[in-house]
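Chemist: Quick one: the structure is below, questions incoming.
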Amino acid sequence: MLYLDHAASGPVRPEVRAAMLPFLGDRFGNPSSHHTVGEDVAGALEDARRRVAAVVGMRPGDVVFTSGATEANNLAVKGVAVAALLRTGRPGHVVTTAIEHESVLSSVEYLHRVHGVAVTQVGVDRDGVLSPAALAGALREDTVLVSVGYANNEIGTVQDAAALTAVTAPARIPFHLDAVQAAGWLPLAGTGADALSLAGHKIGAPQGVGVLAIRGRVPLEPLLHGGGQERDRRSGTQNVAGAVGFAVALELAEQERADAAARVAAMRDAFIDRVRERVPEASLTGHPSRRLPGTASFTFEGVSGEAILLELERRGVVSSSGSACAAGSDEPSHVLVALGVAPEVAQTSVRFSFGHHAVGDPAPIADAVAASVAAVRSR
Ligand code: PLP
């Protein structure tokens with residue numbers, strides 16, 4: 001089987017599994033316990049926190065371990081906006097884009113519905129790029145947060161994070177970067193972001209662990225209340241095995257990043273060229289060059305994306321029609337619609353996402369795509 005859905009989830013790395021195993025065995029203590037069994041585990045948790053902080057260029061105390069990036073995004077968006085509301089007594093204004101992950105879009109919708117927070121979804125261009133000028137134009141005197149995805153999970157377009165944070169920094173508006181898809185491909189430190197979300201299962205750690213790294217100066221209201229773990233920003237006994245695995249995965253992803261990005265981008269380009277050569281109706285979505293090294297997404301006008309996926313799977317190629325959350329729904333992708341793609345064309349989309357360790361000739365995959373499109377078309 002050729003698995004080309006790494007943007008949805010990838011396998012746990014052996015090094016990560018090995019690092020986690022002791023915490024699923026003998027090292028079982030509660031990191032909040034004041035005895036040697038707990039303190040041993042607390043030490044490992046703090047070591048993991050330091051290692052994550054080093055990769056993202058923040059302080060260990062800025063790292064909040066979560067149950068994944070959905071929680072990290074909810075915590076960033078709701079936590080910052082509600083903290084501002086409590087401080088000022090005003091609902092405030094949040095800026096995001098129309099192509100964000102559902103965990104961001106649903107969080108801003110919640111803020112609007114429950115707390116009356118004003119929301120602006122800034123438009124992106126046809127390639128999915130948010131321009132610094134468009135962001136600047138959306139800011140208001142009462143803007144309390146900007147939340148933008150570093151790299152889009154459906155089309156792979158990469159935003160110029162430094163140029164965007166340069167817009168918000170002078171106004172001292174906290175900038176949250178959903179860096180889930182960027183990890184292991186793009187630098188995470190030095191973006192200028194005040195908060196950054198990451199998910200373990202996109203970098204070789206398990207599902208169900210993630211991080212919100214948020215600078216200490218940004219006031220944050222917790223979502224989960226209880227024992228005050230994670231410096232009172234996320235109560236609940238930590239998933240220590242997950243945190244340890246996450247730190248190992250992130251460190252390795254960072255060490256291997258430059259090599260992986262160059263190798264996989266070359267493979268992806270060869271794949272794109274061959275698909276275009278062999279499938280006349282293939283149209284690449286997202287930015288032609290400012291895209292994640294592992295992502296190639298197409299629309300195949302006139303041919304159902306779901307039907308192509310089934311044909312591909314019969315030929316041993318596993319891919320997806322866009323985001324895993326939207327997969328299976330009949331709705332066209334909100335991302336493609338925001339780029340100006342007609343809804344009926346958006347329903348012909350297929351996303352191929354290579355993993356960081358991908359090697360080999362992508363021609364057979366492109367040939368399977370051509371055969372699958374031809375098979376669906378000839379029905
Ligand atoms: N943000 C982006 C850009 C994603 O791609 C994903 C996962 O697909 C998430 C957030 C949510 O992450 P998790 O699956 O850890 O909840």
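The values are calculated or read from the model by the stated rules, or taken from the named source; none is laboratory data. Since the model is a prediction, treat every value here as computed from it, not as a measurement. Every residue, glycine as well, gets a Cβ built from its backbone with ideal geometry; the counts of neighbours run over all protein chains shown. Side chains are part of the model used for accessible areas, which takes the heavy atoms of the whole protein and leaves out ligands, DNA and RNA. Shrake-Rupley method; radii C 1.70, N 1.55, O 1.52, S 1.80 Å.
Chemist: For segment 68-99, which residues satisfy the criterion of being more than 14 Å from the ligand (Cβ to nearest atom), within 29 Å of Pro206 (Cβ to Cβ) and in contact with a Pro (Cβ under 9 Å, 6 or more places away or on another chain)?
Modeler: Selection gives Gly79, Val80.
Chemist: A follow-up question, please. Name the one entry in Arg231, Arg217 that is closer than 25 Å to Thr143 by Cα, away from the ligand (no atom under 16 Å from the Cβ) and outside any strand (DSSP E or B). Give the steps one after another, and end with the answer.
Modeler: Numbers: Arg231 fails: closer than 25 Å to Thr143 by Cα.
Just one listed residue meets the conditions, Arg217.
Chemist: Would you please name the residue that is nearest to Phe65 (Cα to Cα), looking only at residues in segment 1-31 that are away from the ligand (no atom under 16 Å from the Cβ), modelled with pLDDT of 95 or more and aliphatic (A, V, I, L, M)?
Modeler: To start, the set of residues in segment 1-31 that are away from the ligand (no atom under 16 Å from the Cβ) comprises 1-2, 13-15, 17-31.
When the remaining residues are screened for being modelled with pLDDT of 95 or more, the result is 2, 13-15, 17-31.
Narrowing further to those that are aliphatic (A, V, I, L, M): 2, 18-21, 24.
Details: Leu2: 32, Ala18: 20, Ala19: 17, Met20: 15, Leu21: 19, Leu24: 18 Å.
My answer is Met20.
Residue-wise test of (1) within 12 Å of the chain's Cα centre (by Cα); (2) not hydroxyl-bearing (Ser, Thr, Tyr).
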| position | (1), (2) |
| --- | --- |
| Val122 | no, yes |
| Ser131 | no, no |
| Asn153 | yes, yes |
| Val167 | no, yes |
| Gly184 | yes, yes |
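Chemist: Run down Ala266, Ala307, Ala243 and say which single residue is in the same structural domain as Ala54 (by TED's automatic domain parsing), not in a strand (DSSP E or B) and not charged (D, E, K, R).
Modeler: Values: Ala266 fails: in the same structural domain as Ala54 (by TED's automatic domain parsing); Ala307 fails: in the same structural domain as Ala54 (by TED's automatic domain parsing).
The conditions single out Ala243.
Chemist: May I ask you to say which residue of Ala375, Ala358, Ala346, Ala366 is at pLDDT 95 or above, farther than 21 Å from Val180 by Cβ and either among the polar types (S, T, N, Q) or open to solvent by 10 Å² or more (accessible area, probe 1.4 Å) (or both)? Spell out the reasoning first.
Modeler: Numbers: Ala358 fails: farther than 21 Å from Val180 by Cβ; Ala346 fails: either among the polar types (S, T, N, Q) or open to solvent by 10 Å² or more (accessible area, probe 1.4 Å) (or both); Ala366 fails: either among the polar types (S, T, N, Q) or open to solvent by 10 Å² or more (accessible area, probe 1.4 Å) (or both).
Residue meeting the stated conditions: Ala375.
Chemist: Only one residue in Arg233, Arg276, Arg268, Arg217 is among the charged types (D, E, K, R), over 22 Å from Asp47 (Cβ atoms), in contact with a strand residue (DSSP E or B) (Cβ under 9 Å, 6 or more places away or on another chain) and open to solvent by 20 Å² or more (accessible area, probe 1.4 Å). Which one?
Modeler: Details: Arg233 fails: over 22 Å from Asp47 (Cβ atoms); Arg268 fails: open to solvent by 20 Å² or more (accessible area, probe 1.4 Å); Arg217 fails: in contact with a strand residue (DSSP E or B) (Cβ under 9 Å, 6 or more places away or on another chain).
Answer to the check: Arg276.
Chemist: Shifting gears a bit: Which condition number does Leu188 fail, the rest of (1) under 29 Å from Pro14 (Cβ atoms); (2) surrounded by fewer than 24 Cβ atoms within 10 Å (Cβ to Cβ) being met?
Modeler: Only one criterion in (1) under 29 Å from Pro14 (Cβ atoms); (2) surrounded by fewer than 24 Cβ atoms within 10 Å (Cβ to Cβ) is unmet by Leu188, namely (2).
Chemist: May I pose another question? If you check His176 against the conditions, is it surrounded by 19 or more Cβ atoms within 10 Å (Cβ to Cβ), out of contact with any helix residue (DSSP H, G or I) (no Cβ under 8 Å at 6 or more places or on another chain) and of a type outside the set (Gly, Ala, Ser)?
Modeler: Details: surrounded by 19 or more Cβ atoms within 10 Å (Cβ to Cβ): yes; out of contact with any helix residue (DSSP H, G or I) (no Cβ under 8 Å at 6 or more places or on another chain): no; of a type outside the set (Gly, Ala, Ser): yes.
Criteria not met by His176.
Chemist: Only one of (1) surrounded by 24 or more Cβ atoms within 10 Å (Cβ to Cβ); (2) under 20 Å from Pro332 (Cβ atoms); (3) among the acidic types (Asp, Glu) is not met by Asp125, so which one is it?
Modeler: Only one criterion is unmet by Asp125, namely (1).
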